[in-house]
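Here is the structure we will look at.
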Amino acid sequence: MARLSHSDKQGQKERVPVVPSLRTYQLTEKKYLDTRSSSSAMLGAGIFLFYICLIQLTELTRKKELLPEGFFAVLSMLLCLILFYASRRLHQSSIRLKLLAERERQLANELVEWFITTYSGDQIDSQIEALSSLSGVPEILCLQRLDMIRILLDREYDRDFEEEFISQLCEDLYNMLFEKEAADSVNLRL
């Protein structure tokens with residue numbers, strides 16, 4: 001929900017929306033966290049297995065009995081190399097996902113700032129009233145508002161946004177525009 005800062009000018013309070021840090025859709029950020037976690041787990045498993053293999057090979061070389069136990073130690077070392085390689089690839093992927101998540105967060109903040117300064121809840125409601133005869137029904141009005149926000153975003157930005165991203169952005173904008181108004185009307189009645 002947007003926080004409002006108030007300034008006192010000639011006895012009237014002026015509302016200036018302050019864009020909060022957003023909870024943008026979490027898919028890319030969640031992928032980043034999952035990939036980073038998997039990378040760390042594989043690296044840890046690889047290091048642990050590597051040390052066990054090293055201890056086993058050291059003991060086998062002291063005994064001068066490399067076969068057949070040495071064969072399994074070498075296979076375990078190969079498994080360690082595979083784990084190190086997979087860990088490295090996952091780490092590279094997590095770096096890429098982190099950059100992508102940061103870009104999405106920045107884009108979402110820019111879109112919200114633009115939308116909040118360009119449109120108000122009353123403007124959206126008036127556009128819905130002009131287009132629909134069912135705008136008085138509260139259950140339908142909520143869905144129509146979300147659809148109108150999506151239409152206005154699509155009209156301004158011709159980019160191909162992912163469905164989850166745009167849905168989360170529309171919900172955030174709806175909460176900023178209309179949940180704030182509902183809370184303000186309750187405060188005015190008190």
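The values are calculated or read from the model by the stated rules, or taken from the named source; none is laboratory data. The shown structure was predicted, so the numbers you read here are calculated from the model rather than taken from an experiment. Using ideal geometry, Cβ is built from the backbone for each residue, glycine included, and neighbour counts are taken over all protein chains shown. Surface accessibility is based on the protein's heavy atoms, side chains included, excluding ligands, DNA and RNA. Shrake-Rupley method; radii C 1.70, N 1.55, O 1.52, S 1.80 Å.
Collect the residues in the range 146-180 that are among the aromatic types (Phe, Trp, Tyr) and part of a helix (DSSP H, G or I), keeping them in residue-number order.
Once the filter is applied, which keeps residues that are among the aromatic types (Phe, Trp, Tyr) and part of a helix (DSSP H, G or I), the range 146-180 yields Phe165, Tyr174, Phe178.
Is at least one residue of the range 29-46 farther than 30 Å from Arg150 by Cβ and loosely packed, with under 13 Cβ neighbours inside 10 Å?
Yes; the residues of the range 29-46 include at least one that is farther than 30 Å from Arg150 by Cβ and loosely packed, with under 13 Cβ neighbours inside 10 Å.
Here's a check for you: in the range 52-111, which residue that is among the small types (Gly, Ala, Ser) and within 30 Å of Leu173 (Cβ to Cβ) is surrounded by the most Cβ atoms within 10 Å (Cβ to Cβ)?
So the residue we want is Ala108.
Whether any residue in the range 118-126 is open to solvent by less than 80 Å² (accessible area, probe 1.4 Å), of a type outside the set (Val, Ile, Thr), modelled with pLDDT of 85 or more and not in a helix (DSSP H, G or I) is what I want to check.
yes
For Leu79, only one of the following conditions fails: (1) touching a Cys at 6+ places or on another chain (Cβ under 9 Å); (2) closer than 30 Å to Phe178 by Cα. What is its number?
(2)
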